[in-house]
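Each remark here refers to the structure printed beneath this line.
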Amino acid sequence: MILILHNRYRAAGGEERAVADLSALLHRRGQAVEVLERSSDGLRPAQAAAGLLAGGRDPDAVARAVRVHGARVVHAHNIHPLFGWRALAAARAAGARTVLHLHNFRLFCAIGIAYRDGAPCFRCRRGSTLPGLRLRCRGSLPEAAVYAAALRRQQPRLFEHVDQFVAVSEALAIHLRDLGLPSSLTATLPNFIPTAEIAPDSRAGEGEFALAAGRLTEEKGFDTAIAAARACQAPLVIAGTGPDEPRLRALATGSEVRFVGRLEPRALADLRRRAAVALAPSRWEEPCPYAVLEALAAGVPVLASDRGGLPDLVGEQATLPATDGAAWAGRLSELWRNPELRAQQGARALARAREHFGEDGYYERLMGLYGDVCT
């Protein structure tokens, strides 16, 4: 039996999707699964700070869940602030193998994305969290101090009580090892797309627009997508909301850019099937975004930046320098003006999704990481 732990974020995102997909996959494969979630939504700052500094709250509840359900594996995702290292220590003491799935840099970086001042940032490393405090990466000095102290305190305890760390891309794993994660305990397992969600064919040749989807933040690079679309006069649809939206709307003035907000999964899937190309011009070391996986699985060719795990997702031939606006405009123009090329690249994208990011391969690798306790 597998017990999944996850501290939900205030705004649901990719990790919530990963937890839901993992649970559903394990159920489909005949595994007994329970999901124990806590939520940061509604937490007062003092409560979140107390949970972080204490290494989590109520670890006994996790130990009880392990014993009641007979869990052989505890598979944790986000653990901050309400689970923490104490949840994993309690699970291990109750007899479970502990797996910590890492979707970002949150074990070392107070804001999780290792990005500031327009570029990737890896100043906090190997137990040193003072740069995040000095630069006030959390905004206020008190909050930055809490995160600096809590991350520094939790790291060695996590290393002691986690049997297996899992990173969602090899690029993320390399960075995390460099930052201080134990190399011998760190493996790679990219996210997957359920078989039922992989399209039967590509429609990119008949695509109506370029698509950029995700949270609208500066590090996502959507301004690069807008500039490229404007330069080659390609219509662009942007799906998502976020703090960078007012700036992006101003940049898009006078061009054929449509903002559709945050869409429900089915509506976004319908929109994606009408896309000619998907753009992922991230400036941060983005590990394994679902926006890219879903585009591949829909048979939509993807142009992505050369940062993080994106080259592993789309292939080196489909990557561009994150800050080279001329290169983005040139490649987008090439695809937009050539439906036959889009159709060919869309078919390759679909084949890539099936071969590298399908659920069969994911499940096989996952069982290997769980070891012989779930065979």
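Of all residues in the range 220-279, those satisfying the criterion of being of a type in the set (Val, Ile, Thr) and either surrounded by 17 or more Cβ atoms within 10 Å (Cβ to Cβ) or in a loop (DSSP other than H, G, I, E, B) (or both) are Thr224, Ile226, Val237, Ile238, Thr241, Thr253, Val257, Val277. Only residues that are surrounded by fewer than 17 Cβ atoms within 10 Å (Cβ to Cβ) and part of a helix (DSSP H, G or I) were counted in the range 327-347, giving 9. Leu296 meets the conditions (1) more than 22 Å from Arg230 (Cβ to Cβ); (2) outside any helix (DSSP H, G or I) in every case but one. The failed one is (2). Sub-8 Å Cβ pairs linking a first residue in the range 17-35 that is in contact (Cβ under 8 Å) with a residue 60 or more places away in the chain to a second residue that is small (Gly, Ala, Ser), at least 6 apart or interchain, number zero.
Residue-wise test of (1) more than 24 Å from Ala20 (Cβ to Cβ); (2) of a type in the set (Lys, Arg); (3) assigned by TED's automatic domain parsing to the domain that holds Arg157; (4) part of a loop (DSSP other than H, G, I, E, B).
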| residue | (1), (2), (3), (4) |
| --- | --- |
| Ala48 | no, no, yes, no |
| Leu53 | yes, no, yes, no |
| Ala65 | no, no, yes, no |
| Val68 | no, no, yes, no |
| Ala87 | no, no, yes, no |
| Ile113 | no, no, yes, yes |
| Gly132 | yes, no, yes, no |
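This table checks each residue for (1) in a helix (DSSP H, G or I); (2) without any contact (Cβ under 8 Å) to a residue 12 or more places away in the chain; (3) touching a Lys or Arg at 6+ places or on another chain (Cβ under 8 Å); (4) polar (S, T, N, Q).
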residue	(1), (2), (3), (4)
Arg92	yes, no, no, no
Phe105	no, no, no, no
Arg138	no, no, no, no
Ala144	yes, no, yes, no
Pro156	yes, no, no, no
Val166	no, no, no, no
Arg177	yes, yes, no, no
Pro190	no, no, no, no
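Of everything in the range 143-168 that is buried (at least 21 other Cβ atoms within 10 Å of the Cβ) and of a type in the set (Phe, Trp, Tyr), the residue that is nearest to Ala87 (Cα to Cα) is Phe165.
Inspect the range 19-34 for any residue being part of a loop (DSSP other than H, G, I, E, B), within 26 Å of Thr129 (Cβ to Cβ) and at pLDDT 95 or above and give the result as yes or no. Among the residues of the range 19-34, not one is part of a loop (DSSP other than H, G, I, E, B), within 26 Å of Thr129 (Cβ to Cβ) and at pLDDT 95 or above, which makes the answer no.
The values are calculated or read from the model by the stated rules, or taken from the named source; none is laboratory data. Source: prediction; values computed, not measured. In this analysis, Cβ positions are derived from the backbone assuming ideal geometry, glycine residues included, and neighbour counts consider all displayed protein chains.
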